[in-house]
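Below is one structure, written out as structure tokens; the observations come after it.
The values are calculated or read from the model by the stated rules, or taken from the named source; none is laboratory data. Computed from a prediction, not measured in an experiment: that's the story for all the values here. So basically every Cβ, Gly included, is an ideal-geometry build from the backbone, and we count neighbours across all protein chains shown. Note: areas computed on protein heavy atoms with side chains; ligands, DNA, RNA excluded. Shrake-Rupley method; radii C 1.70, N 1.55, O 1.52, S 1.80 Å.
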Amino acid sequence: MTIATPQKDAYTLVLEAIDTGIYKPGDRLVESDLAERFGVSRTPIREALQRLETQSLLTRDGRSLIVSSLDHNQLAELYVVRAELEGLAANLAARHATPEEVRVLRDMVTDDHKLIEDPSAMAKANRRFHKQIHLSSHNRFLVQQLDLVHRSMALMATTSLAAVGRPLDALAEHDAIVTAIENGDGAAAGEALRAHISKAFVTRLKLDSGEIETFG
């Protein structure tokens, strides 16, 4: 059982459970079950579910709430927005990131090679990498918008990093992004990140169609 803490309220716990695949699109969320799982009363759980519903992460089905799913058009729209916003973040990071922030990004790329056989761990590392780029842009309004986009990414049933061969390709793309940021080349960093998102989208479409296989 995961216990709510001052750092992680009921909303964060439920959101993380969706993001990590504990609850998948189409799953029904029950207040009493969530309260027991997270060790909190039903009131904060109810408030968390209402908040997630207003953010379209949950959908009402009669009197119940289920985890929302994305259709093809919604998925395409999400990737278009993500590519542009992430590209802008990389562009700004190349101009505004501190040497320490750039070092962290480089270390992430190096360390993540140890995870290429573990899609779940790679997915978590990938989120940390992209979040670090967002923060390195030093633009709070952009970070807020990217947070909204990444909440919606939680509605994807699988990660593109589950595709055979994708983790290694993704890390090569991460390397190119970081190299451009290290060089202070905003245009190249933005283009490298947009290309990275485009390739991830293509991989997801191929996964959904059954054209390529997943690990295991």
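At q = 0.21, 0.26, 0.31 Å⁻¹, what log₁₀ I(q)/I(0) does a Debye calculation on the Cα points of region 60-100 give, no solvent, two decimals?
Here log10 of I(q) over I(0) equals -0.74, -0.86, -0.96.
Probe radius 1.4 Å, ligands and nucleic acids ignored: give me the carbon and sulfur share of the accessible area of the chain as a rounded percent.
Percent of accessible area from carbon and sulfur atoms in the chain: 51.
When the dipole is taken about the Cα centre of region 146-216, and only Lys, Arg (+1) and Asp, Glu (-1) are charged at their Cβ, what size is it in debye, to the nearest 20?
Computed about the Cα centre, the dipole is about 260 debye.
Specify the residue with the greatest mean-square fluctuation among Pro119, Pro44, Pro167, computed from a Gaussian network of the chain linking alpha-carbon atoms under 10 Å apart.
Looking only at Pro119, Pro44, Pro167, the largest GNM fluctuation is found for Pro44.
List the pair-distance distribution P(r) of the chain, using every Cα-Cα distance, as the percent of pairs falling in each 10 Å bin from 0 up to the bin containing the longest distance, rounded to whole percents.
Per 10 Å bin, starting at zero, the Cα-Cα P(r) for the chain comes out as 8, 31, 34, 22, 5, 0 percent.
Could you tell me, in Å, what Rg and Dmax come out for the Cα atoms of region 14-100?
17.2, 53
If one computes P(r) from the Cα atoms of region 93-171, what percent of pairs lie at distances over 19 Å?
Roughly 43 percent, rounded to a whole number.
For region 49-89, what does the accessible surface come to per residue with a 1.4 Å probe? Please give it in Å².
About 56 Å² of surface per residue is accessible.
So how do 67-76, 168-177 stack up, highest first, on mean other-Cβ count within 10 Å?
Output ranking for 67-76, 168-177: 168-177, 67-76.
Viscosity 1.002 mPa s, temperature 20 °C: Stokes-Einstein D of region 18-69 from its Kirkwood Cα radius, in µm² per second?
The estimated diffusion coefficient comes to 194 µm²/s.
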